[in-house]
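The values are calculated or read from the model by the stated rules, or taken from the named source; none is laboratory data. Worth saying up front: this structure is predicted, and the values here are computed from it rather than measured. For neighbour counting, all protein chains shown are included, and Cβ atoms are generated from backbone atoms with ideal geometry for every residue, glycine included.
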Amino acid sequence: MSIQNWKNKIIKGSQFNAFNYDQESLNHKVYPYGMVCLVVDDNTMIAVGSDPLSPRDFMDKNSANGFMIDLSIPPKTMLTMQGQKTVYYAKLVETNQEEENELELDFVFHSSDHLRYENGRHVSGPHGGAPRAVKVEANISGNEGYTVTMFNTDGGQAVVQMAPKQMKLVGADSEKIQLKGYGRDAMGASFADYGLTIYHDDGSIEKCILHMFDRNVDIEYLP
């Protein structure tokens, strides 16, 4: 997954899997000295300053908190404990963990048409009518989170268009709910290649966007 897929996404504290110290930033007002890190790929990582705590204590304290890349801080290229990396810095975001844990999703969103985006660029749609249905329910495998299934409902018949994907909650606020796949299916394919953003107004669903992270494709399902 590229760094673009992480921008504007909620990162859980438990996802940080490394740490680093940057001696050059010891007295810097913007870049932190001690930090916890999420290695994105061979060239990139996301970091959060841990000062005044040690990285280990910071990870223990913030494992359940949410973070987002701080786009106001320019990324910095540095030699880290994991090699030469371009480091993007993240910040703590306010989340209501109690509300997230109690959130129940069980609905079918009927879409009249959809738009397709590739690499952030609109490439097709609307299609003058292309009915689909997005079903979100409690995880049918009995695991944490939810199951998301897509149906083609053209002609009044519901035909599975995207097989059920296991997802869990990664972010929620007054405007949207974000789900992201985890684990693998019976054939070994990663559910993490998929995500769903549900836009709502006081609980009334306005639209859903299916994310296919491995292809950098988004499908926006319209009401």
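Annotations for the structure displayed:
- Meets criteria (closer than 30 Å to residue 31 by Cβ, of a type in the set (Gly, Ala, Ser) and not in a loop (DSSP other than H, G, I, E, B)) for residue 192: yes
- In the stretch 126-144, residue nearest to residue 206 (Cα to Cα) [restricted to those that are out of contact with any helix residue (DSSP H, G or I) (no Cβ under 9 Å at 6 or more places or on another chain) and touching a residue at least 40 places away in the same chain (Cβ under 8 Å)]: 134
- From the list 72, 112, the one residue that fits, being modelled with pLDDT of 90 or more, hydroxyl-bearing (Ser, Thr, Tyr) and more than 19 Å from the chain's Cα centre (by Cα), is 112.
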